[in-house]
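K.L.:
One structure, pasted below without further comment.
Read-outs throughout are calculated quantities, based only on the coordinates presented, and are distinct from any laboratory measurement. Worth saying up front: this structure is predicted, and the values here are computed from it rather than measured. Neighbour counts run over all protein chains shown; Cβ positions are idealised from the backbone, glycine included.
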Amino acid sequence: MGPLANKGKIAVMRGLAVAAVMVAVACTPIIRNHGYMPPEEDLALVVVGVDTRESVTLSIGPPTSGGVLNESGFYYVASKFRHFGAFAPEEIQREVLAISFDQTGIVSNIERFGLQDGNVIVLSRRVTDDQARDSTFVRQLLNSIGRVNAGDFLGEN
């Protein structure tokens, strides 16, 4: 065997080594974070029953989205996705922070939700106990079941 054969073997070995490194890198999961979740130490500055929309925005930043009905609250959403090779990204963690306000714009409730096995779970909750009813659209809809009067539909009072 001559020196040319040894150079060929070395080139093949280098090629295999490069291919092995490329395969290993392609199979390494990449984690990407989406959204914003205020740090716990900043969230501790928000006081239920005292803070307003403006002070919450100043303390922990603007929300990811606001309440749809009557500007009922602020919602902060953060997700973590794992990208693995050619497969579709998989959401591996999600947290939602919901800050509710009363009619005067004062913080009435702070709740943190997570996603575990496809189910939403409550991670933490701070609520004022003012005996106020939760009047979200869904709750109003569910409370109205069974209160239907046929006379209402026929125009009879």
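K.L.:
Determine, for each peptide in 37-44, 54-61, 95-102, the mean count of other beta carbons within 10 angstrom over its residues, then list the peptides with the highest first.
P.N.:
The densest-packed peptide leads the list: 95-102, 54-61, 37-44.
K.L.:
Calculate, in nm to one decimal, what residue 111 and residue 87 gain on full extension: separation in residues at 0.36 nm each, minus their alpha carbon distance.
P.N.:
Result: 5.3 nm gained on full extension.
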